[in-house]
1. Yes or no: Ser8 open to solvent by 10 Å² or more (accessible area, probe 1.4 Å), out of contact with any Cys (no Cβ under 6 Å at 6 or more places or on another chain) and within 27 Å of Asn267 (Cα to Cα)?
2. Need at least 3 residues that are closer than 27 Å to Gln113 by Cβ and of a type outside the set (A, V, I, L, M) per element, so show me which strands (runs of 3 or more DSSP E) inside region 1-72 make the cut, counting only ones lying wholly within it.
3. Could you list all residues from region 188-209 that are under 15 Å from Thr161 (Cβ atoms) and within 16 Å of the chain's Cα centre (by Cα)?
4. Within region 209-220, can one find any residue that is within 18 Å of Met43 (Cα to Cα), among the aliphatic types (A, V, I, L, M), outside any helix (DSSP H, G or I) and touching a strand residue (DSSP E or B) at 6+ places or on another chain (Cβ under 7 Å)?
5. Mind checking whether some residue in region 174-195 is in contact with a Gly (Cβ under 9 Å, 6 or more places away or on another chain), β-branched (Val, Ile, Thr), more than 20 Å from Val95 (Cβ to Cβ) and open to solvent by 10 Å² or more (accessible area, probe 1.4 Å)?
6. Would you point out the residue of region 42-63, among those that are more than 16 Å from the ligand (Cβ to nearest atom) and in contact (Cβ under 8 Å) with a residue 24 or more places away in the chain, that is most open to solvent (accessible area, probe 1.4 Å)?
7. Can you tell me which residues in region 252-274 are more than 24 Å from the chain's Cα centre (by Cα) and not in a loop (DSSP other than H, G, I, E, B)?
8. So which of Val91, Val70 is modelled with pLDDT of 95 or more and closer than 30 Å to Thr230 by Cα?
Amino acid sequence: MNTLATRSVERLVRGMPTSDGAGVKLTRVIGQPQLADLDPFLMLDEFGTDNPGDYIAGFPDHPHRGFETVTYMLDGRMRHRDNHGHEGVLVPGSVQWMTAGRGIIHSEMPEQQEGRMRGFQLWINLPAREKMTAPRYQEFEPQRIPTVEVAAARVKVIAGTVEGVSGPIAQPATEPTYLDIELPPGAQFIHDLPAGHAGFVYVYEGAVGIGAGEIVTPVETHDLAVLGDTGAVHIEARTGAAPARLILVAGKPLREPVAKYGPFVMNTREELMQAFQDFQSGRF
Ligand code: FE
């Protein structure tokens, strides 16, 4: 018997097919009409395709201000370049954590002509006091992401702590948890999240049930489950099927006004207009 409170699923959301950059096809899961945001998370895109035509045009130079972008690659290679002198190639299993802060201009271009490209990009908001911080770029090779086995579950810890093992990323403003979890059929994973943190599970392969006792919500491939805000999350992979693969993401809500337009996320409309002016006059 588990005495911890259990997080229920408050709602299920399906992503919306869209395209971004120079025509990259992707699925927008957070940051679309059904789920405009999930404070502190502003956007979640899943990209996944075997067709080069869906990704080959990439994301040429574009600006960001006021938040962080986290790119997690599952398959494929992507080259990042920015106007502050950072450059790197994301390979399968690697993570890029970019703090746009007061302004960055970067490109994210496929480093392959064929094959599968698959992964996620998550946008995490910054609090008002840090929106104009200096831009920062952190890249973590696959070996830098610890894997923890909890019973039959295999958990990659990108951010947060599992069984005393912490991921390489720390962000005191939002205290993010970011886990990539693989569960064989019927296997369970239970993880306590800090009280008050907003969280979600996104299933990218297979299917799971979330909850405990009489309230277990089935969550299918490409479903995002918005979690209740207290207690532990109980996840169980469906039996008699393929393994389930999912990400579990949580963070501390900022509870600040959000003024968002394209690649700029500030607190007020005036700050957004300033962002445009600063970008157009080359101050990024
Ligand atoms: Fe970008």
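1. Against the criterion (open to solvent by 10 Å² or more (accessible area, probe 1.4 Å), out of contact with any Cys (no Cβ under 6 Å at 6 or more places or on another chain) and within 27 Å of Asn267 (Cα to Cα)), Ser8 does not qualify.
2. By residue number, 16-20, 24-30, 41-49, 59-64.
3. The answer is His197, Gly199.
4. no
5. no
6. Among those residues, the one meeting the criterion is Asp50.
7. Scanning region 252-274 gives Arg269, Glu270, Glu271, Met273, Gln274.
8. After applying the criteria, what remains is Val70.
The values are calculated or read from the model by the stated rules, or taken from the named source; none is laboratory data. Source: prediction; values computed, not measured. No Cβ is skipped: glycine too gets one built from the backbone with ideal geometry, and neighbour counts run over all protein chains shown. Keep in mind that these areas ignore ligands, DNA and RNA; they rest on the heavy atoms of the full protein, side chains included. Shrake-Rupley method; radii C 1.70, N 1.55, O 1.52, S 1.80 Å.
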